[in-house]
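The values are calculated or read from the model by the stated rules, or taken from the named source; none is laboratory data. Keep in mind that this is a model prediction, so the values were computed, not measured. Please note: Cβ atoms are built from the backbone with ideal geometry, for glycine as well, and neighbour counts cover all protein chains shown. The accessibility values were calculated without ligands, DNA or RNA, using every heavy atom of the protein model including side chains. Shrake-Rupley method; radii C 1.70, N 1.55, O 1.52, S 1.80 Å.
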Amino acid sequence: MNVLGIETSCDETGVAVYSSLRGLLAHALFSQVKIHAEYGGVVPELASRDHVRKLIPLIRRVLDEAKLSQADIDGIAYTAGPGLIGALLVGASVARSLAWAWNVPSVAVHHMEGHLLAPMLEPTPPQYPFVALLVSGGHTQLVRVDSIGKYETLGESLDDAAGEAFDKTAKMLGLGYPGGPALAKLAETGVPGRFKFPRPMTDRPGLDFSFSGLKTHTLTTLAATAGTEQDKADVAWAFQEAVVETLIIKCRRALKQCGFKRLVVAGGVSANRLMREMLGQMALKEGYQVFFPRLEFCTDNGAMIAYAGCQRLLQNPVESPVIFSRPRWPLDELPPA
Ligand code: KG4
Ligand code: ZN
């Protein structure tokens, strides 16, 4: 089965074709970073309009690269939520219309399920069950994964998501959007250990997160310095270390609670180099296996949607002819595949 995947939940237009027999056949991405950069964050209306412009050309390109014609496509997967409603509706409308015209089923994919399954596209994918840490711009969640669709949220952020905390802190440090990669780069020139930031909510039991206090901590720490480039780099280093260590402490706790040995880390922040290094070391030392998507599939992409949609279509190819979009959509509400 060849499935066309369409991702338009936020500021990237992602398209891919995944084959249940041959794996990922082609994928393409258009990032809207340049469009939103001058506003310091994503402007939803501009995002929707650009998805309209880019989606059809990207679909043509991906089909060409995969050397497939429309007749070879057996199903169409699209991100139905969570995300920006206007952006979601572009993907949903195009996907449903193509499915109608090509007479194939379509399937509404949960964006975070897409992230969660992204490591399945790698040469050595994880086996079920595992614990998943999903860290993106909108979500921070620890999930117990028994199989596709059997998800139990173990903990989540009570305020800012990890990526959001990176983005907001980056702004305070005078860095552009998107802040995560910019802050990580600045931190590389920081002096380790000059500042020590708190590890929020690690001193009490539970698997929830809270990152908004780190923003205030950044502000007060920065205000007590002369505000030089080196000061900012040192603050960036301490902030990044605090977020990564907090995430790792909770991952270890979740693994122990479930009695699992496998950990999947996905979503935009899983591209963070320090996080990949430190989790790798922790896993090696404590006998866990950790799985990440390749860097380009950590952030939003069409490949993860094509993969997730294919798994669901293989189980249940019938979807009622409605355009389905949900800006808010708890992962736990998904049916098992
Ligand atoms: O998964 P994603 O592409 O979009 C959402 O579903 O939200 O995640 C984007 C988030 C942004 O907040 C971005 O700053 C963060 O991931 N991010 C990073 C890095 N690369 C992207 N955060 C820290 N370090 C990175 N290298
Ligand atoms: Zn995402």
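Points to keep in mind about this one:
- Residue within segment 187-197 that is among the aliphatic types (A, V, I, L, M), within 20 Å of ARG273 (Cα to Cα) and at pLDDT 95 or above present: yes
- Failed condition for ALA132, given (1) assigned by TED's automatic domain parsing to the domain that holds ALA16; (2) outside any helix (DSSP H, G or I); (3) under 20 Å from GLU333 (Cβ atoms): (1)
- Just one of (1) modelled with pLDDT of 95 or more; (2) in the same structural domain as ILE76 (by TED's automatic domain parsing); (3) more than 16 Å from ligand 1 (Cβ to nearest atom) fails for GLU319. It is (1).
- For segment 60-79, the count of residues that are modelled with pLDDT of 95 or more, in contact with a Leu (Cβ under 8 Å, 6 or more places away or on another chain) and within 17 Å of ARG326 (Cα to Cα) is nonzero.
- Tally of residues being open to solvent by less than 60 Å² (accessible area, probe 1.4 Å) and in a helix (DSSP H, G or I) across segment 57-71: 4
- Among the residues of segment 173-189, those identified as part of a helix (DSSP H, G or I) and open to solvent by less than 60 Å² (accessible area, probe 1.4 Å) are GLY179, GLY180, ALA182, LEU183, ALA184, LEU186, ALA187.
- Out of THR225, THR202, THR216, THR221, sole residue that is assigned by TED's automatic domain parsing to the domain that holds SER157, outside any loop (DSSP other than H, G, I, E, B) and open to solvent by less than 40 Å² (accessible area, probe 1.4 Å): THR221
- Restricting segment 1-41 to residues that are in a loop (DSSP other than H, G, I, E, B) and open to solvent by 50 Å² or more (accessible area, probe 1.4 Å) leaves a set whose member that is nearest to ALA99 (Cα to Cα) is MET1.
- PHE292 being of a type in the set (Phe, Trp, Tyr), touching a residue at least 60 places away in the same chain (Cβ under 8 Å) and open to solvent by 30 Å² or more (accessible area, probe 1.4 Å): yes
- First in segment 247-268 and assigned by TED's automatic domain parsing to the domain that holds SER147, second anywhere and hydroxyl-bearing (Ser, Thr, Tyr) and assigned to a loop (DSSP other than H, G, I, E, B), Cβ under 6 Å, 6 or more apart: ILE249/THR202; LYS261/TYR288; LEU263/TYR288; GLY267/SER136; GLY268/SER136; GLY268/THR299
- Residue list for segment 1-26, restricted to those being of a type outside the set (Val, Ile, Thr), out of contact with any Ser or Thr (no Cβ under 7 Å at 6 or more places or on another chain) and farther than 25 Å from ALA182 by Cβ: LEU4, GLY5, ALA16, TYR18, SER19, SER20, LEU21, ARG22, GLY23, LEU24, ALA26
- Annotation: ASP234 fulfils all but one of (1) part of a helix (DSSP H, G or I); (2) more than 13 Å from ligand 1 (Cβ to nearest atom); (3) out of contact with any Lys or Arg (no Cβ under 6 Å at 6 or more places or on another chain); the unmet one is (3).
- Beta carbons closer than 7 Å, at least 6 apart along the sequence or on distinct chains, pair a first residue in segment 141-169 that is assigned by TED's automatic domain parsing to the domain that holds SER212 and open to solvent by 10 Å² or more (accessible area, probe 1.4 Å) with a second that is aromatic (Phe, Trp, Tyr) and modelled with pLDDT under 95 for ASP167/TYR177.
- For segment 273-303, a tally of residues being assigned to a loop (DSSP other than H, G, I, E, B) and either out of contact with any strand residue (DSSP E or B) (no Cβ under 9 Å at 6 or more places or on another chain) or under 15 Å from HIS115 (Cα atoms) (or both) returns 9.
- The set of residues in segment 83-110 being farther than 22 Å from VAL318 by Cβ and either open to solvent by 10 Å² or more (accessible area, probe 1.4 Å) or part of a strand (DSSP E or B) (or both) consists of GLY83, LEU84, ILE85, GLY86, LEU89, VAL90.
- Of all residues making up segment 114-129, the number that are open to solvent by less than 10 Å² (accessible area, probe 1.4 Å) and either part of a strand (DSSP E or B) or free of Cβ contacts under 8 Å to residues at least 12 places away in the same chain (or both): 0
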